[in-house]
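To start, the structure under review is shown below, and the notes come after it.
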Amino acid sequence: MNTTTDVTTDARADARAAQIADEAGERRFNELLASESRVEPSDWMPEGYRKTLIRQISQHGHSEIIGMQPESNWIARAPSLKRKAILMAKVQDEAGHGLYLYSAAQTLGVDRETMFDQLITGKAKYSSIFNYTTPTWADMGSIGWLVDGAAICNQVPLCRVSYGPYGRAMVRICKEESFHQRQGFEILLELMRGTDAQKEMAQESVNRWYAPALMMFGPPDEDSPNSKQSMAWNIKRFSNDDLRQRFVDMLVPQAEILGVTLPDAALRWNEERGHYDFGDLDWSEFHEVLAGRGPANTIRVSRRREAHENGAWVREAARAYADAQAESRRGLVA
Ligand code: FAQ
């Protein structure tokens with residue numbers, strides 16, 4: 001009996017079978033991408049694809065969760081009961097978006113505790129925009145109009161992302177984001193139809209949010225290390241600069257209706273290109289914010305950490321309840 005030879009032969013056969021399965025999986029994966037079909041959790045996928053999706057979806061989920069903070073700052077101070085109810089509903093929607101996104105990321109094999117941990121220890125990124133403060137009521141208008149507006153431009157193409165659970169989550173998220181954008185526009189419109197002080201408040205807020213909103217699309221294409229591969233995998237459908245251009249083209253006529261001035265002296269229609277030209281952004285500010293040195297990075301992460309710690313008893317209770325339910329189901333089966 002030659003056990004060593006048998007084991008080696010078995011290992012070789014297993015490796016060969018795994019290789020054949022990988023080759024077939026890769027062929028099918030490439031076919032799915034070529035035919036604009038969805039890749040589902042049970043399908044074979046390259047490790048890099050899986051990691052890229054986990055990175056992007058979890059960052060996106062974290063952005064929704066951290067993005068609740070700048071607006072929740074105004075729930076208790078909203079100028080009327082109607083505004084308070086609308087703002088509460090919007091912030092709740094953002095919590096919901098975070099949960100859909102975390103669920104989509106979980107289908108790729110990362111658990112929620114790991115994602116939460118990365119967020120509260122400052123290891124995970126979330127959108128730069130939520131590190132800016134909201135000192136005035138008009139900021140609720142600017143967040144809706146500019147931040148949700150940028151989010152829609154970026155996220156409508158994500159409804160066609162190649163990964164099924166992410167694309168399906170995005171369909172619902174985008175419907176809610178477009179409502180959010182309109183409510184922000186309406187806040188600013190009402191302020192711009194108000195007193196001089198209200199008009200000034202709206203303009204001052206737009207002045208602060210405009211450039212950071214343009215930076216939400218990420219660095220210029222030549223400095224975007226992930227774009228090329230993400231576009232080849234049908235994760236990103238347009239480059240950062242293309243989406244930024246679309247956003248500016250969308251904003252200019254809306255700013256005219258509002259009567260606000262976009263704070264960019266270089267902004268003008270370019271007949272030849274069929275687009276608006278706009279000025280350079282201060283990318284050093286973007287990198288400062290990403291490095292944790294934005295106006296509100298510290299407070300955003302520490303608030304989230306506090307909320308997570310304060311919610312420990314809820315997680316414990318939910319776990320105990322789930323265990324009791326499972327136990328009673330086992331009792332019924334036995
Ligand atoms: N902030 O190579 P790229 C919302 C990072 S949700 C922070 O171009 P990629 C709803 C990037 O992660 C807003 N980091 O990267 C709402 C990468 O770093 P890494 C969030 C940024 O992934 C509204 C590095 O720079 N939306 O607003 C940012 O191909 C109102 C190099 O960049 C999404 O997440 C940034 N702005 O493209 C909630 C949409 N930009 O990871 C409340 C999905 C870039 O290699 C109130 N995400 N970085 O260490 C995406 O489309 C993409 O991930 C991009 C970045 C476009 C954000």
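The values are calculated or read from the model by the stated rules, or taken from the named source; none is laboratory data. What you see is a predicted model, and the numbers here were worked out from it, not measured in a lab. Counting neighbours? That spans all protein chains shown, and the Cβs are built from the backbone with ideal geometry, glycine included. Quick note on the areas: whole protein, heavy atoms, side chains included, nothing else; ligands and nucleic acids left out. Shrake-Rupley method; radii C 1.70, N 1.55, O 1.52, S 1.80 Å.
What's the extension gain from Asp323 to Arg305 if we count 0.36 nm per residue and subtract their Cα-Cα distance?
Residue separation times 0.36 nm, minus the Cα-Cα distance, leaves 3.9 nm.
In a shell of Cβ-Cβ distance under 12 Å around His97, excluding His97 itself, what net charge do Lys and Arg (+1) and Asp and Glu (-1) give?
Values: positive: Lys90, Arg172, Lys175; negative: Glu64, Asp93, Glu94, Asp148, Glu176, Glu177.
Local charge sum for His97: -3.
Given the rule -39500 (n - 2.57) for each run of at least 4 DSSP H residues, summed and divided by the residues of the chain, what is its mean residue ellipticity at 222 nm, to the nearest 500 deg cm²/dmol?
Calculated at 222 nm, the ellipticity per residue is -22000 deg cm²/dmol.
Between Arg77 and Ser178, with labels modelled 7 Å along Cα→Cβ, what's the label distance in nm to one decimal, could you check?
A separation of 3.3 nm, rounded to one decimal place.
Sort 51-57, 327-333 by packing, meaning the average of other beta carbons within 10 Å per residue, with the highest value first.
Working: 51-57: 20.0, 327-333: 8.6.
Top to bottom by mean Cβ count within 10 Å: 51-57, 327-333.
So for the chain, if I pair up every lysine 8 or more residues apart or on another chain, how many of those pairs have alpha-carbons under 16 Å apart?
Going through the chain pair by pair, I get 7.
Can you tell me the 0 to 90 degree angle between the C-alpha axis of helix 240-258 and the longest principal axis of the chain, rounded to 10?
For 240-258 against the chain, the angle is about 30 degrees.
About its Cα centre, how strong a charge dipole does the chain have in debye, to the nearest 20, once Lys and Arg get +1 and Asp and Glu get -1 at the Cβ?
940 debye
Within 14 Å, Cβ to Cβ, of Gln198, how many net charges do the neighbouring residues add up to if Lys/Arg are +1 and Asp/Glu are -1?
-3
Using the alpha-carbon atoms, what tilt in degrees (0 to 90, nearest 10) does helix 196-215 show relative to the longest principal axis of the chain?
Once rounded, one gets 30 degrees.
Measure nothing but the geometry: give the 0 to 90° angle between the long axis through the Cα atoms of 312-333 and the longest principal axis through the Cα atoms of the chain, rounded to 10°.
With rounding to tens, the tilt is 40 degrees.
Over the chain, with every protein chain in place, what whole percent of the accessible area is carbon and sulfur at 1.4 Å, could you tell me?
Values: 9690 of 17630 Å².
C and S fraction of accessible area: 55 percent.
Can you tell me the order of 156-162, 259-265, 202-208 when each peptide is scored by its average per-residue count of other Cβ atoms within 10 angstrom, highest first?
My ranking of the peptides, most packed first, is 202-208, 156-162, 259-265.
Spin-label point model (7 Å from Cα, Cβ direction): what's the Asp10 to Trp269 distance in nm?
7.6 nm
Tell me the per residue accessible area of the chain using a 1.4 Å probe; a whole number in Å² is fine.
53 Å²
Compute the Cα gyration tensor for segment 228-300, then decide on rounded, prolate or oblate, letting a ≥ b ≥ c be the square roots of its eigenvalues: rounded whenever a/c is under 1.5, prolate when a/b is larger than b/c in the other cases, and oblate in all that remain.
Oblate.
Report, by chain and number, residues whose modeled amide H sits under 5 Å from the one on His275, excluding near sequence neighbours (fewer than 5 apart, same chain).
The answer is Asn270.
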